[in-house]
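The values are calculated or read from the model by the stated rules, or taken from the named source; none is laboratory data. For clarity, every value in this text was computed on a predicted model and none was experimentally measured. Neighbour counts run over all protein chains shown; Cβ positions are idealised from the backbone, glycine included. Accessible surface areas use protein heavy atoms only, side chains included; no ligands, DNA or RNA. Shrake-Rupley method; radii C 1.70, N 1.55, O 1.52, S 1.80 Å.
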Amino acid sequence: MIKKFKRITAYFLIGLLFFSLMPAGGSHAAASDSEKETLSSMKKVTENDHLILYFDEADTKVGVYVKETGDVWFSNPVDPEDDPIASGYQKKQLRSQLSVRFFNENVQEATMDSYSDCVEEGNFETEFSDDGLTVTYTLGEAAKKYLLPEVISVERLEGFAAKLESSQSKKLLRNYTKYEPDQLKEADKKELTEKYPGLKEHSIYVLKSGAKEYVREELAGYLKDIGYSQEDFDFDLADNGYESENKKPWFRIPLSYRLDGKRLVATVDPRNIDYNRDGYYLVEVELLPYFGAALNGTEGYIFVPDGCGALIDHDKKADSVYTARVYGQDITMNVLSQTKSQTDQNLTVKLPVFGQKNEDKAFLAVITDGSAYADITASTSGRVNSYNNVYAGFQFLEYGESTLGSMVGSNSFQLYSAEAFASAYSVAYEFLHGDRADYSGMAASFREYIEGNHKSAGDSLPFYAEYIGAIDKDATFLGIKYRAVTRVTTYAQAREITDRLLDAGLDNIKVVYTGWANAGLHGYAYTKIDPVSKLNSGGLNQKKFTADMGSKGVNVYYGAELQRVYRDGLFDGYSLLGSAPKYFDRSAVKEATYYLSNGMVDSNDAISLIRPTLAAKVAKAFIKKVRKTDNTGVYLGSISYSLYSDQQAEKYTDREDALFCNQSAVSELETAYDSRIVSDNANYPIVIHSSDVINVPSDSNRNLIISRTVPFYAMVLHGIKDYALDCLNMTDDYTTTLLKSAESGAGLYFKWIYADNSILKETKFDQLYSVNYESWIDKAIEDYKALNDVLGPLQQESIKKHEYIADDVVQVTYSNGTKIAVNYSDKEVTVGGTKIGPKSYGVINR
């Protein structure tokens, strides 16, 4: 009884201390006793109207108190030592705020983390600011020796010694040898000066080589206590022209935290990272791997932006972790691969976000800087520890094998990118509670990042009709084989199809016209624009077609391929030597195509590419040639979703810089055509420059760890951008895609030609096996009208909530209260008193 009373008294005092630290008026019920105890032992760093930031000066974890809700979030689990699953090593990992992955010169991979390789040894420095703090970690076995100068001027060392207690001062000086230039023999002076050039200018102390490890540690501790810092050490190296002989790996990394409104922003700037580059190559930094990690048994899930979006239930049994590169693979870095990736690149990470729901609270993390360097990793409890966690890692150096690997040994000849960084690595954490603490709340929060950029127009669904103008195919003349430009949809025929849609009552038609220039659909580089004259017929050319569509309220978006080059052209301003991105060894990078039968690379059908720094130039060529009118727009090709680096040293462009180049090119088009931009399966940085997006992902890659998919991408866009999912007449499952369109609040998209499908047989376009418009137009009109009756009035609304109400039944609630149910099952279901037929959808209330 006495022990129990003491325990209750202790908790009471801890709780009293915790509440005394909190601002008046806040709700505190959300924090557990363990969280309160932990937070009360931490240093309060700063606060704003929404958050209070705390810091543990012993193990460097941070805590965030949310004033509005009383929720508490930590960068690391509170009680990692109690984890029954984790090994001793894994328990240290749970206490780490960052980790690094690196190679040595023998291409042997290794890792270090901030706790095991730094904090445990006390090798970190902390600097506080008005809105946060910066913790500088020095990782590595040599950290203690690194902060003890091997050589230092007499004046400086004796100055530091004077600040110490007498016994410490004597011990410090006793372990250094003093050299004075005017007292040295010429031979000794010459030898010492070569090693310590500072001796030419002043007398020096040199650390005795026989000093024991524990003595060096003790002396470094003396200096640290009186303020000797990394900056001091760096000065002493420079002052004496001395190069450290430390050959062990070490890394010095500043990690900053600051409060920004309702968000905690964590940042590592790669330009401020220092490490031992003598035989070591830093390739990745993982940031806050256990922020908000949920102990097993915690109700909730992890959200990852895989394709359309996906959830990973807490504690799901899985042998693997989820990991994916933000914005998909880098073609340049994948150039040596001989097989097609098992990851569908149309369903990769399009949005730089992730999140986690832990019971009645959740966080959304947005990668605000360095997203093109990033990958996202998620893991569930039971593998190596008892926690469910999700985080971002950032590429420092790209690396790959040499094309000479087979000659010199592929394990001994690895190449690395340059150290030139276009941005920092930053992740902003926003905190949600109650009804907003789910993936719907996460989508609403992320929508704030792009809201105001564009608003959906009209009160009806968009209908996207893509017309392919021309293709090139084999032909013969006098027995000689050549490639002939073949028209498949002239401007007059495109008008005819569009008029049928208009006559049927469709009033939000958006025409996408591709294959109109440079020998057709897969033609020459757009560095020079040459319209296909064969598309002019019946007195209707491009100018008149555009004007005619404008008079009927239809925008026309002409295809602009800013990256891919399918055919070699004469005098088009493009050459592989000068215009293509390069691999490390200066070989031109091409985008691979693959045999359908085995997924192997088809070396005879690779697609040439335009280096990122030329994208704006190509955009300007397009602008110069395509006349701007009130209804002219641009359809972006692969630049919407493809992001690749250029490893040529003189023109090095990393992924983040390439992203900037792509955005700049699209911005040129956006300005020129009054924001009428249709992007394709677009990554977020291109989405924000687009008025419309087609081929919005409707599924994920369904990694085995994933529990279910959610239309997060569409939930973010609805009410801000117009969009459609996959091309309906090209999809493997028309009915399911139509239902997903209903679930996602999406318009419809069809790809058509006027000519018969047979014209595409035995060409490079035979994958377009069902694109003749006559086969589809009546069904397209019927399905559009039915879907528009349900979703048309909701185009200005945002999606407030999406939820599964059964395994095959979802319900979507819009901001005006309207509920839509979608039934994927083969049986009729009743939702909210309304019957929804099998494979159907309907309004529950309006």
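Tell me whether the range 588-604 contains one or more residues that are touching a residue at least 12 places away in the same chain (Cβ under 8 Å) and either of a type in the set (Asp, Glu) or touching a His at 6+ places or on another chain (Cβ under 8 Å) (or both). Yes: one or more hits.
Having 3 or more residues that are under 15 Å from Arg252 (Cβ atoms) is the bar; report the strands (runs of 3 or more DSSP E) wholly within the range 85-141 that clear it.
98-104, 124-129, 132-139
Looking across the range 413-443, the residues that are open to solvent by less than 20 Å² (accessible area, probe 1.4 Å) and of a type in the set (A, V, I, L, M) come down to Ala424, Val427, Ala428, Leu432, Ala437, Met442, Ala443. For the range 554-567, the set of residues classified as within 30 Å of Asp499 (Cβ to Cβ) and assigned to a strand (DSSP E or B) consists of Asn555, Val556, Tyr557, Tyr558, Gly559, Ala560, listed by residue number.
Among residues belonging to the range 526-540 that are touching a residue at least 24 places away in the same chain (Cβ under 8 Å) and outside any loop (DSSP other than H, G, I, E, B), point out the one that is most open to solvent (accessible area, probe 1.4 Å). Filtering first and then ranking leaves Lys534. Filter the range 712-729 down to residues that are among the aliphatic types (A, V, I, L, M) and under 25 Å from Gly469 (Cβ atoms) and give me whichever is surrounded by the fewest Cβ atoms within 10 Å (Cβ to Cβ). Ranking the qualifying residues of the range 712-729, first place goes to Leu728.
Gly198 fulfils the conditions (1) under 29 Å from Arg277 (Cα atoms); (2) at pLDDT below 90 except for a single criterion, (2).
Checking every residue in the range 548-557 against the condition of being modelled with pLDDT of 95 or more, within 26 Å of the chain's Cα centre (by Cα) and buried (at least 16 other Cβ atoms within 10 Å of the Cβ) gives zero matches. I'd like to check something: does the range 164-172 contain any residue that is within 23 Å of Thr60 (Cα to Cα) and in contact (Cβ under 8 Å) with a residue 24 or more places away in the chain? No; the residues of the range 164-172 include none that is within 23 Å of Thr60 (Cα to Cα) and in contact (Cβ under 8 Å) with a residue 24 or more places away in the chain. Test Asp726 against the criterion of being assigned to a loop (DSSP other than H, G, I, E, B) and over 22 Å from the mean Cα position of the chain (by Cα), and give yes or no. Against the criterion (assigned to a loop (DSSP other than H, G, I, E, B) and over 22 Å from the mean Cα position of the chain (by Cα)), Asp726 qualifies.
Among the criteria (1) at pLDDT 95 or above; (2) under 20 Å from the mean Cα position of the chain (by Cα); (3) among the polar types (S, T, N, Q), the one Asn703 does not fulfil is (1).
Please tell me if Ser209 is over 16 Å from Glu150 (Cα atoms) and either outside any helix (DSSP H, G or I) or open to solvent by less than 80 Å² (accessible area, probe 1.4 Å) (or both).
It is false that Ser209 is over 16 Å from Glu150 (Cα atoms) and either outside any helix (DSSP H, G or I) or open to solvent by less than 80 Å² (accessible area, probe 1.4 Å) (or both).
Per this entry, Leu164 is not counted among residues that are farther than 22 Å from Gly279 by Cα and outside any loop (DSSP other than H, G, I, E, B). Pick out the one residue from Pro305, Pro289 that is touching a Leu at 6+ places or on another chain (Cβ under 7 Å), touching a residue at least 12 places away in the same chain (Cβ under 8 Å) and under 18 Å from Ile705 (Cβ atoms). From the options Pro305, Pro289, the qualifying one is Pro305. Selection over the range 833-846 of residues that are within 24 Å of Arg708 (Cβ to Cβ) and outside any strand (DSSP E or B) gives a count of 3.
Answer yes or no: is there a residue in the range 502-521 that is assigned to a helix (DSSP H, G or I), modelled with pLDDT of 95 or more and surrounded by fewer than 19 Cβ atoms within 10 Å (Cβ to Cβ). Yes, there is a match, as at least one residue in the range 502-521 is assigned to a helix (DSSP H, G or I), modelled with pLDDT of 95 or more and surrounded by fewer than 19 Cβ atoms within 10 Å (Cβ to Cβ). Consider the range 730-755 and keep the residues that are β-branched (Val, Ile, Thr) and in contact (Cβ under 8 Å) with a residue 60 or more places away in the chain. The one that is most open to solvent (accessible area, probe 1.4 Å) is Thr735. Any idea which residue in the range 606-627 is farthest from Leu643 (Cα to Cα), counting only those that are in a loop (DSSP other than H, G, I, E, B) and open to solvent by less than 20 Å² (accessible area, probe 1.4 Å)? Top of the filtered list is Val626. Note on the range 174-192: residues that are crowded, with 17+ Cβ neighbours inside 10 Å and either in contact with a Lys or Arg (Cβ under 7 Å, 6 or more places away or on another chain) or within 16 Å of Arg216 (Cα to Cα) (or both) amount to 2. The single residue among Arg252, Arg258, Arg216 that is surrounded by fewer than 18 Cβ atoms within 10 Å (Cβ to Cβ), charged (D, E, K, R) and not in a loop (DSSP other than H, G, I, E, B) turns out to be Arg216. The single condition among (1) among the aliphatic types (A, V, I, L, M); (2) surrounded by fewer than 19 Cβ atoms within 10 Å (Cβ to Cβ); (3) modelled with pLDDT of 95 or more that Leu562 does not meet is (2). Here Pro77 meets the list (1) in a loop (DSSP other than H, G, I, E, B); (2) at pLDDT 95 or above; (3) open to solvent by 70 Å² or more (accessible area, probe 1.4 Å); (4) not aromatic (Phe, Trp, Tyr) almost entirely, failing just condition (3). Among the residues of the range 568-605, those identified as assigned to a loop (DSSP other than H, G, I, E, B), open to solvent by 30 Å² or more (accessible area, probe 1.4 Å) and among the hydrophobic types (A, V, I, L, M, F, W, C) are Leu570, Phe571, Phe584, Ala592, Leu596. Look at (1) open to solvent by 30 Å² or more (accessible area, probe 1.4 Å); (2) under 15 Å from Val556 (Cα atoms); (3) in contact with a Leu (Cβ under 9 Å, 6 or more places away or on another chain) and you find that Lys543 fails only one, number (3).
Against the list (1) touching a Leu at 6+ places or on another chain (Cβ under 9 Å); (2) assigned to a loop (DSSP other than H, G, I, E, B); (3) modelled with pLDDT of 95 or more, the condition Gly719 fails is (3).
The lone criterion from (1) surrounded by 14 or more Cβ atoms within 10 Å (Cβ to Cβ); (2) modelled with pLDDT under 95; (3) out of contact with any Ser or Thr (no Cβ under 7 Å at 6 or more places or on another chain) left unmet by Asn104 is number (1). Quick check, is Asn772 over 19 Å from Asn681 (Cα atoms), without any contact (Cβ under 8 Å) to a residue 40 or more places away in the chain and among the polar types (S, T, N, Q)? Yes.
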